[in-house]
Structure formats: C-alpha cells, structure tokens
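Peer 1: What follows is a single structure, and I will ask about it in a moment.
The values are calculated or read from the model by the stated rules, or taken from the named source; none is laboratory data. For clarity, every value in this text was computed on a predicted model and none was experimentally measured. A quick note on method: Cβ atoms are made from the backbone with ideal geometry, for glycine too, and the neighbour counts reach across all protein chains shown. Accessible surface areas use protein heavy atoms only, side chains included; no ligands, DNA or RNA. Shrake-Rupley method; radii C 1.70, N 1.55, O 1.52, S 1.80 Å.
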Amino acid sequence: MTVTNVQKDTDALTLTITAEYDAAPARVWELWANPRLLERWWGPPTYPATVVDHELTPGGKVAYFMTGPAGDRAHGWWRVLTVDAPRRLEFEDGFADDAGAPNPDLPAMIIRVTLDAVGGGTRMTIETSFPSSEAMEQVISMGMEEGMVLAVGQIDDLLHADVAT
C-alpha cells in the first residue's frame, strides 16, 4: 500500500494522509487533473466515483457522485481555491443532495493537496481541515478516514497501468 502515514490532529482539526509513489509529480498530478482518471480512485473501491463536472481552475467547480454496492449514490462537490500544477491544489469539499446542490446539514471541509518530488518519486500529502471538532467527529464517524485511505491506496496501480484517459 502506498499510504505511509495517517494523522488525526483534534487540536488543529485536521486529518492528514501521506502517500508515496514511484512516479514523478506531473504524473501524479494527472490523476487529479483528468476527470476520467480522478473517478478511477476518488472513492473507495466499493464506492467508485463518477465525475459530472470538472473545472480545475481557481473558482472552478467539480461535481461528482459515488455509487455504492446497492446502487445508492452519495453526491459531493468541490469549489477550487488554488491550483499550482503539478505541486498544489486546494479546494472546499462538501456533500451534496441528489441534484448536486450543497447539503447545508453536513459540513464542508478544506482539502490541501501537495505533491513533493522525493528521490525519483512523489510524496503526496492530503490535509483535510474541518470547521469544528463536531464537524470533524461527524465526518470521521461517517468513515472518511477509512474511505480516503482505501481511495488513495488505489493510485499506485493507476500510475503504473496503461489506462485509457
């Protein structure tokens, strides 16, 4: 598995996942920048994602849904804040209703992705910041930590596969 560290900091209200890959940052970046590749890993294996909209520019929006084993769908959205390809991406991430509109009953988070060249590969850090301890507890209890670890764990195979984009 490519995940090297998972750190929950309840004081800083963050969940940080670190993974390392035997691929250059530009190659890892493509898995964020290409919606067809993003949907191959953004979600645990039993909840694959379908990306509906993908505008990876500051102010842009990404809309997606994950489909569960029983056919249930969980919708989500991003509001892109910062893009510095192939090194950094920052976005607000939230839950959505079936029409894709933000769900005000569930918290939104800020996700910061950094891709650092290390040796001949890349260290990817995904830091999620929560607006409150209650929001952090709520989203963690929904399985976010396990889901993210499983999702990120799929990236290594994609980086080394000859995937159609």
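Peer 1: For the stretch 93-106, in order, what is each residue's ³J(HN,Hα) by Karplus, 6.51 cos²θ - 1.76 cosθ + 1.60 with θ = phi - 60°, in whole Hz (x at glycine and Pro)?
Peer 2: Computed from phi, the couplings for the stretch 93-106 are 10, x, 8, 10, 7, 4, 8, x, 7, x, 8, x, 7, 10 Hz.
Peer 1: What is the Cα centroid distance between the stretch 102-118 and the stretch 1-58, reported in whole angstrom?
Peer 2: For the stretch 102-118 versus the stretch 1-58, the Cα centre distance is 10 Å.
Peer 1: Can you give the charge dipole size of the stretch 69-158 about its Cα centre, rounded to the nearest 20 debye, using +1 on the beta carbon of Lys and Arg and -1 on the beta carbon of Asp and Glu?
Peer 2: Result for the stretch 69-158 is approximately 380 debye, rounded to the nearest 20.
Peer 1: Using the Karplus equation 6.51 cos²θ - 1.76 cosθ + 1.60 (θ = phi - 60°), what ³J(HN,Hα) coupling, rounded to whole Hz, does each residue of the stretch 50-55 give in order, writing x for Gly and Pro?
Peer 2: 10, 8, 8, 10, 8, 10
Peer 1: Subtracting the Cα-Cα distance from 0.36 nm times the residue separation, let me have the gained length for ASP116 to ASP97 in nm, one decimal.
Peer 2: Here the answer is 3.4 nm.
Peer 1: Ignoring everything except DSSP H segments at least 4 long, calculate the 222 nm mean residue ellipticity for the chain; use -39,500 (n - 2.57) per segment, divide by total residues, nearest 500.
Peer 2: -6000 deg cm²/dmol
Peer 1: With every protein chain left in place, what is the accessible area per residue of the stretch 29-165 in square angstrom, probe 1.4 Å?
Peer 2: Averaged over the residues of the stretch 29-165, the accessible area is 48 Å².
Peer 1: If you don't mind, another one. Say each of ARG88 and LEU106 gets a label point 7 Å from the Cα, pointing the same way as Cα to Cβ; how far apart are those two points in nm?
Peer 2: Those two pseudo-labels are separated by 2.9 nm.
Peer 1: With a 1.4 Å probe and every protein chain kept in, tell me what percent of the accessible surface of the chain is carbon plus sulfur.
Peer 2: 49 percent
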